[in-house]
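Colleague: Structure incoming, see below.
The values are calculated or read from the model by the stated rules, or taken from the named source; none is laboratory data. As the structure is a computational prediction, the values presented were derived from the model and not from experiment. So basically every Cβ, Gly included, is an ideal-geometry build from the backbone, and we count neighbours across all protein chains shown.
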Amino acid sequence: MKRYVPCIIFFLFVIPHVIFAQKGERSLSLKYGATRLEKRQDPSMKQFRANRLGAFIHWGLYAIPGGEWNGKVYHGAAEWLKSWAKVPSEEWMKLMEKWNPVKFDAVEWARMMKQMGVKYVKITTKHHEGFCLWPSAYTRNTVAHTPYKKDLLGDMVKAFNEEGIDVHFYFSVMDWSHPDWRYDIKTKEDSVAFSRFLIFTDNQLKELAKNYPTVKDFWFDGTWDNSIKRNAWWTAHVEAMLKELLPGVTVNSRLRSDEYGKRHFDSNGNLMGDYESGYERRLPDPVKDLQVTKWDWEACMTIPENQWGYHKDWSLSYVKTPVEVLDRIVHAVSMGGNMVVNFGPQANGNFRQEEKVLAMTIGNWMKKYGECIYGCDYAGWDKQDWGYYTRKGQEVYMVVFNKPYSKRLIVKSPNATQVVGAVLLSGERLEVVETAKNEYNVSMPDREPEEPFVIKLRIKEATGVTEKYRDAFI
Ligand code: H76
């Protein structure tokens, strides 16, 4: 009987403990789990959050072939071409001889991003292929060993910062060009090689932090393999190391793994890193997924269906229109998240025409309506079919994407909140009619805008409510 006691204890106490661990509770004691249970509220995190709109820049050797290898066009993501076409690293790295973006002008890029209204850019310092946009001392595969020679990353950081745009670094831990990279650790040899790889990666990260100290954020990618999950300690170490080198820096959840191999959220259900980074090319449902409003999160999206790096043929998948992109930006903000829109510049340093038009269109809209985006958050009001709510302090914004045939926009306010007025951002007043308890009709403007538009509500948050309406007896 005695032999079974440990087993019984395990089934009675340990297993339920693991199964019933709830989000936000600390039940298992973890060495490499979440370091905090609440959102960060320090100035750097507040800035990250207030920025709301960012741009991704995927730029690397893959921009040269643009999705085509040996006469064959691959439909998959262009930055994965090396993998689709099974190109050995030595051959792929010969592209470095052709890396010479003579049209690249960091100042022009920064102006374009500024015009678009993005408050930060996330730059691929190194994607899976292993090519570094900065002159890293730890590998030969860098811009310094191309005909172009100059430090592209340094030029970008300077130009963006001069426009008041924050710079975030995308960094792929998975590095296809490094002989010590492993997908899994199966042998002693793997373990030794991977230890060397982690030191190499630490060195590169320290180098980035030291050489570009204005960087505000590290966004890790290529961290999903067993090799990383088995080295959870390292993911916790990287987060701590960067935070020590760069006080205030933010780090995405994708870096992190706990000792059970749980990623993003630890085995207790608590977020690791500073913000959740799993909403890639998709968004939380605005009715069903409200749990995301409890933590910081950032989504990212491509303009075609799934192309991050430059692909020469955008006709191979659906390409989102500027209004569709705008819808996703507002959707994210309405649920308390950030949105990062991706750009994949060409090898010569120019953006493709479609991207320029998109950036221009979004920018023109942001100039008129950006007040419902920057610094805004989840409003806590029930979603209606006309669009999204956002909120900044006492300001509640309605962002209208769908015009109703009734010409009435239905608003349902939370208990004890009264809607006492509605105005367009131009100041024009709209009629508000109370239709039921906490329900209102806001009239559409006389001249209906051709674009998604914004209504600002005037609200009164009462303490003592007089019961004017009666609930139905059912
Ligand atoms: C898979 C994958 C990568 N993660 C996205 C953000 C792109 O960088 C894509 O190549």
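Table: residues versus (1) crowded, with 22+ Cβ neighbours inside 10 Å; (2) in the same structural domain as residue 153 (by TED's automatic domain parsing); (3) not in a strand (DSSP E or B).
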{"position": "326", "(1), (2), (3)": "yes, yes, yes"}
{"position": "338", "(1), (2), (3)": "yes, yes, no"}
{"position": "351", "(1), (2), (3)": "no, yes, yes"}
{"position": "356", "(1), (2), (3)": "no, yes, yes"}
{"position": "361", "(1), (2), (3)": "no, yes, yes"}
{"position": "367", "(1), (2), (3)": "no, yes, yes"}
{"position": "391", "(1), (2), (3)": "no, no, no"}
{"position": "399", "(1), (2), (3)": "yes, no, no"}
{"position": "406", "(1), (2), (3)": "no, no, yes"}
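Colleague: Next question, about the same structure. Filter segment 149-203 down to residues that are free of Cβ contacts under 8 Å to residues at least 60 places away in the same chain and in a strand (DSSP E or B), then give me how many there are.
Modeller: Selection size over segment 149-203: 4.
Colleague: While we're on this one: Among (1) of a type outside the set (D, E, K, R); (2) in a helix (DSSP H, G or I); (3) touching a residue at least 60 places away in the same chain (Cβ under 8 Å), there is one condition residue 292 misses while meeting the rest; what is its number?
Modeller: (3)
Colleague: Turning to a different aspect of this structure: Select, from 253, 227, 257, the only residue that is surrounded by 16 or more Cβ atoms within 10 Å (Cβ to Cβ), among the hydroxyl-bearing types (Ser, Thr, Tyr) and touching a residue at least 60 places away in the same chain (Cβ under 8 Å). Spell out how you get there, then give the answer.
Modeller: Details: 253 fails: touching a residue at least 60 places away in the same chain (Cβ under 8 Å); 227 fails: touching a residue at least 60 places away in the same chain (Cβ under 8 Å).
After ruling out the rest, the residue left standing is 257.
Colleague: Would you mind stating whether residue 286 is under 23 Å from residue 154 (Cβ atoms), part of a loop (DSSP other than H, G, I, E, B), in contact (Cβ under 8 Å) with a residue 12 or more places away in the chain and of a type outside the set (Val, Ile, Thr)?
Modeller: Here the answer is no, as residue 286 does not meet what is asked.
Colleague: If you don't mind, there's one more thing I want to ask. Name, by its number, the condition in (1) within 16 Å of the ligand (Cβ to nearest atom); (2) surrounded by fewer than 19 Cβ atoms within 10 Å (Cβ to Cβ) that does not hold for residue 321.
Modeller: (1) is the only condition that residue 321 fails.
Colleague: Could you list, in sequence order, the residues of segment 274-318 that are surrounded by fewer than 21 Cβ atoms within 10 Å (Cβ to Cβ), of a type in the set (Gly, Ala, Ser) and over 12 Å from the mean Cα position of the chain (by Cα)?
Modeller: 315, 317
Colleague: Return yes or no: is residue 236 among the small types (Gly, Ala, Ser), in the same structural domain as residue 193 (by TED's automatic domain parsing) and under 18 Å from residue 207 (Cα atoms)?
Modeller: Details: among the small types (Gly, Ala, Ser): yes; in the same structural domain as residue 193 (by TED's automatic domain parsing): yes; under 18 Å from residue 207 (Cα atoms): no.
Judged against the criteria, residue 236 is not a match.
Colleague: Considering every residue within segment 297-304, establish whether at least one is assigned to a loop (DSSP other than H, G, I, E, B), in contact with a Phe, Trp or Tyr (Cβ under 7 Å, 6 or more places away or on another chain), within 16 Å of the ligand (Cβ to nearest atom) and without any contact (Cβ under 8 Å) to a residue 40 or more places away in the chain. Even if it seems obvious, please write down each step before you answer.
Modeller: Going through segment 297-304, the residues assigned to a loop (DSSP other than H, G, I, E, B) turn out to be 302-304.
Now restrict to residues that are in contact with a Phe, Trp or Tyr (Cβ under 7 Å, 6 or more places away or on another chain): 302, 304.
Next, from what is left, pick out any that are within 16 Å of the ligand (Cβ to nearest atom): 302, 304.
If we keep only those that are without any contact (Cβ under 8 Å) to a residue 40 or more places away in the chain too, we end up with 304.
For segment 297-304, residues assigned to a loop (DSSP other than H, G, I, E, B), in contact with a Phe, Trp or Tyr (Cβ under 7 Å, 6 or more places away or on another chain), within 16 Å of the ligand (Cβ to nearest atom) and without any contact (Cβ under 8 Å) to a residue 40 or more places away in the chain: present.
Colleague: Here's something else I'd like to know. Within segment 323-343, can you find the residues that are of a type in the set (Val, Ile, Thr) and either closer than 15 Å to residue 398 by Cα or under 12 Å from the mean Cα position of the chain (by Cα) (or both)?
Modeller: Filtering segment 323-343 down to residues of a type in the set (Val, Ile, Thr) leaves 323, 325, 329-330, 333, 340-341.
Matches in segment 323-343: 329, 330, 333, 340, 341.
Colleague: Considering each of 54, 66, 71 in turn, give the residue that is within 15 Å of the ligand (Cβ to nearest atom) and more than 30 Å from residue 370 (Cβ to Cβ). Even if it seems obvious, please write down each step before you answer.
Modeller: Details: 54 fails: more than 30 Å from residue 370 (Cβ to Cβ); 71 fails: within 15 Å of the ligand (Cβ to nearest atom).
Criteria check complete, one pass: 66.
Colleague: Out of the residues in segment 383-417 that are over 11 Å from residue 455 (Cα atoms) and among the hydrophobic types (A, V, I, L, M, F, W, C), which is nearest to the chain's Cα centre (by Cα)?
Modeller: So, considering only residues that are over 11 Å from residue 455 (Cα atoms) and among the hydrophobic types (A, V, I, L, M, F, W, C), the one nearest to the chain's Cα centre (by Cα) is 401.
Colleague: Separate question: Could you please find all residues in segment 74-106 being away from the ligand (no atom under 16 Å from the Cβ) and more than 25 Å from residue 147 (Cα to Cα)?
Modeller: 86
Colleague: Would you confirm whether or not segment 378-386 contains a residue that is crowded, with 18+ Cβ neighbours inside 10 Å, outside any loop (DSSP other than H, G, I, E, B) and not small (Gly, Ala, Ser)?
Modeller: So far as segment 378-386 goes, no, none of its residues is crowded, with 18+ Cβ neighbours inside 10 Å, outside any loop (DSSP other than H, G, I, E, B) and not small (Gly, Ala, Ser).
Colleague: Looking only at residues in segment 260-273 that are under 28 Å from residue 326 (Cα atoms) and in contact (Cβ under 8 Å) with a residue 24 or more places away in the chain, which one is surrounded by the most Cβ atoms within 10 Å (Cβ to Cβ)?
Modeller: Of the residues in segment 260-273, the ones under 28 Å from residue 326 (Cα atoms) are 264, 271, 273.
Now narrow it down to the ones that are in contact (Cβ under 8 Å) with a residue 24 or more places away in the chain: 271, 273.
Numbers: 271: 25, 273: 23.
Looking at residues that are under 28 Å from residue 326 (Cα atoms) and in contact (Cβ under 8 Å) with a residue 24 or more places away in the chain, I get 271.
Colleague: In segment 145-153, is there at least one residue being surrounded by fewer than 16 Cβ atoms within 10 Å (Cβ to Cβ), over 30 Å from residue 368 (Cβ atoms), more than 13 Å from the ligand (Cβ to nearest atom) and of a type in the set (A, V, I, L, M, F, W, C)? Break it down stepwise before answering.
Modeller: Looking only at segment 145-153, we keep the residues that are surrounded by fewer than 16 Cβ atoms within 10 Å (Cβ to Cβ), and these are 147, 149-150.
Retained after the next criterion (residues that are over 30 Å from residue 368 (Cβ atoms)): 147, 149-150.
The next check asks that each one be more than 13 Å from the ligand (Cβ to nearest atom); those that pass are 147, 149-150.
Filter once more, so that each one left must be of a type in the set (A, V, I, L, M, F, W, C): none.
No: zero hits.
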